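The values are calculated or read from the model by the stated rules, or taken from the named source; none is laboratory data. These numbers were taken from a predicted model, which means no experiment stands behind them. So basically every Cβ, Gly included, is an ideal-geometry build from the backbone, and we count neighbours across all protein chains shown. For the accessible areas, the whole protein counts, side chains as well, though only heavy atoms, and no ligand, DNA or RNA atoms are used. Shrake-Rupley method; radii C 1.70, N 1.55, O 1.52, S 1.80 Å.
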Amino acid sequence: MHTVPVVSCATDVGAAVPVVCGFDFTHRARLAVATAAQLSSLLRAPLYVVHATETPTRRAVRALITRETRHLNDGAGAQVLVERAPVAQLVARVAHTHHAALVVIGGPTAHRGPSLGRRLVHRCEAPVLTVNDDTALSPWLHGRRPLRVLAATTLADAAPDAAPVHANGN
């Protein structure tokens, strides 16, 4: 059986670096928050669940999200932040403010315009993980299979750097 490597993710002063997860009550967002909770547990890091709202009922929304996330991280739940702001801007700001190790979001739903993931990769310093379903990542997180990652690049700016790495087998 494959075991999940225990990873420590701490700052210079020893504080755990958090995982930030955008949440919007969709099915994919629920999968993303469950994945983010599993990752933050492995990293022994706090979890921030972030929701951007246009409504003034932030307290009610915060209570709903807190109720949905209470069972995560062995009952420790998550720190829930609800603000009135554009979602990409809010998630990126929270990730930057708390020096996030990772940002996790649900996969795109049918809508027009650039996806949240695409907007975040241009705003965030932390890596962005988009969760469309949990069939591949969840078994790895539970030690039931190895993690396989496909990294792709275009023939743009990064391609010359990627080619020598591939050619050297590194």
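Only protein heavy atoms count here; on that basis, with a 1.4 Å probe, Thr26 has an accessible area of about 50 Å².
Accessible area per residue was computed with a 1.4 Å probe on protein heavy atoms; Glu125 scores about 150 Å².
When nucleic acids and ligands are ignored and a 1.4 Å probe is applied, Leu129 ends up with an accessible area of around 50 Å². Loop-located trypsin sites (Lys or Arg not before Pro) in region 31-106 (DSSP state other than H, G, I, E, B) with a sparse environment of at most 15 neighbouring Cβ atoms within 10 Å: Arg44, Arg70, Arg84. The listed residues Cys21, Cys124 rank as Cys124, Cys21 when sorted by accessible area, largest first, using a 1.4 Å probe. Among the chymotrypsin sites (Phe, Trp or Tyr not before Pro) within region 21-72, those in coil by DSSP and having at most 15 neighbouring Cβ atoms inside 10 Å are Phe25. Need one number: nm distance between label points at Ser115 and Arg144, each 7 Å from Cα along Cα→Cβ, rounded to one decimal. So the two model labels end up 2.5 nm from each other.
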